[in-house]
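As structure tokens, the structure follows; a few thoughts come after it.
The values are calculated or read from the model by the stated rules, or taken from the named source; none is laboratory data. This structure is a prediction, so every number in the text was calculated from the model and none was measured. Cβ atoms come from the backbone with ideal geometry, glycine included; neighbour counts cover every protein chain shown.
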Ligand SMILES: [Zn+2]
């Protein structure tokens, strides 16, 4: 529809519709938007770029429309004036996860697959979507970058914090094949065990802090010493932080002006198990939520996905967090990937 006719239509809608018809029209528009999910997200992003008028290359705000590309998308150019402005061209996708990504007609179907649970690249290949395994893998990581960054700025109230460990992995690293291994050890086949027993540098800590309002902080850390810095400034003052009593959590709570509670898990022996313990008092502080969360992440990463390279671990943790969000949808996946700049 051309611009003039569309303006007339909008004016007529505003003037002539009854309240019931407004509701009905809203539903029709929503259904149409859902079927053209990627196009709608793109249009929204284009409008945002035009109105914000910032260059994604240099941040300069003097931009002009600069024709359309082969796909019919609006192009922009950053105007050079004196020392400011870079003169480069861009479109609404430049600087987002979708930069130079092809086949826009398949994005919505792919996002739908990703929003319903884990699909292997082979599942995607055989689903008839018409993208290769490599494309599926690349698109997955592009879409998940926004999800990896999406977590609470800070947590508060009653907080449960703990860390879990994943074996450091270089899955897919070319060095395994060409005799230049990334770590001084033989490759682990099919999720084999660590070489060293106990907590060694082979074990990568993942810190999780959950609060009772659903806020979550989840960070893949280089080592245990990074726990305290990762929590710096992210615990609301006056909270109650529950942990296993590791000194990093105690000092994080003290620094934040919060209370720390050490949760002691009772040692269970054959004898105590046989007798059975007292039932747990409802409302008592514990680490049950964070333990359950770790159980789910382990199952997802190690069983469903069958292990990921450590450098991709934040993406998959973000994916699981997203899948458990009640408001998560293919639309949200695309919108968040479009609005998160690299
Ligand atoms: Zn520029």
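Remark: pairs (first residue in the range 68-92, without any contact (Cβ under 8 Å) to a residue 12 or more places away in the chain and over 17 Å from residue 52 (Cα atoms); second residue more than 15 Å from the ligand (Cβ to nearest atom) and not in a loop (DSSP other than H, G, I, E, B); Cβ separation under 9 Å; 6+ apart in sequence or on different chains) = 68/74.
Could you say whether any residue in the range 151-166 is exposed (fewer than 15 other Cβ atoms within 10 Å of the Cβ), under 28 Å from the mean Cα position of the chain (by Cα) and more than 30 Å from residue 288 (Cβ to Cβ)? No, that holds for no residue.
Note on the range 206-215: among residues that are surrounded by fewer than 20 Cβ atoms within 10 Å (Cβ to Cβ) and in contact with a strand residue (DSSP E or B) (Cβ under 7 Å, 6 or more places away or on another chain), the one that is farthest from residue 171 (Cα to Cα) is 212.
Note on the range 234-342: enclosed helices (runs of 4 or more DSSP H) holding 1 or more residues that are without any contact (Cβ under 8 Å) to a residue 60 or more places away in the chain are 247-255, 270-275, 288-298, 313-323. Residues of the range 81-104 that are more than 8 Å from the ligand (Cβ to nearest atom) and more than 23 Å from residue 138 (Cα to Cα): 81, 82, 83, 84, 89.
Kindly establish whether residue 203 is in contact with a helix residue (DSSP H, G or I) (Cβ under 8 Å, 6 or more places away or on another chain) and crowded, with 17+ Cβ neighbours inside 10 Å. Spelling it out, it is not the case that residue 203 is in contact with a helix residue (DSSP H, G or I) (Cβ under 8 Å, 6 or more places away or on another chain) and crowded, with 17+ Cβ neighbours inside 10 Å. The single condition among (1) under 34 Å from the mean Cα position of the chain (by Cα); (2) away from the ligand (no atom under 16 Å from the Cβ) that residue 50 does not meet is (2). The condition (being within 13 Å of the ligand (Cβ to nearest atom) and out of contact with any strand residue (DSSP E or B) (no Cβ under 7 Å at 6 or more places or on another chain)) is satisfied by just one residue among 123, 61, 39: 61. Helices (runs of 4 or more DSSP H) fully within the range 111-189 that include at least 1 residues being in contact with a helix residue (DSSP H, G or I) (Cβ under 6 Å, 6 or more places away or on another chain) and more than 30 Å from residue 286 (Cβ to Cβ): 121-126, 133-149. Applying a threshold of 7 Å to beta carbon distances and a minimum spacing of six or more residues, or different chains, the list of pairs starting in the range 1-29 at a residue that is in contact (Cβ under 8 Å) with a residue 24 or more places away in the chain and ending at one that is outside any loop (DSSP other than H, G, I, E, B) and surrounded by 10 or more Cβ atoms within 10 Å (Cβ to Cβ) is empty. Within the range 130-150, if we keep just the residues that are surrounded by fewer than 17 Cβ atoms within 10 Å (Cβ to Cβ) and over 17 Å from the mean Cα position of the chain (by Cα), the residue that is modelled with the lowest pLDDT turns out to be 130. Among the residues of the range 67-80, those identified as within 12 Å of the ligand (Cβ to nearest atom) and surrounded by fewer than 17 Cβ atoms within 10 Å (Cβ to Cβ) are 79, 80.
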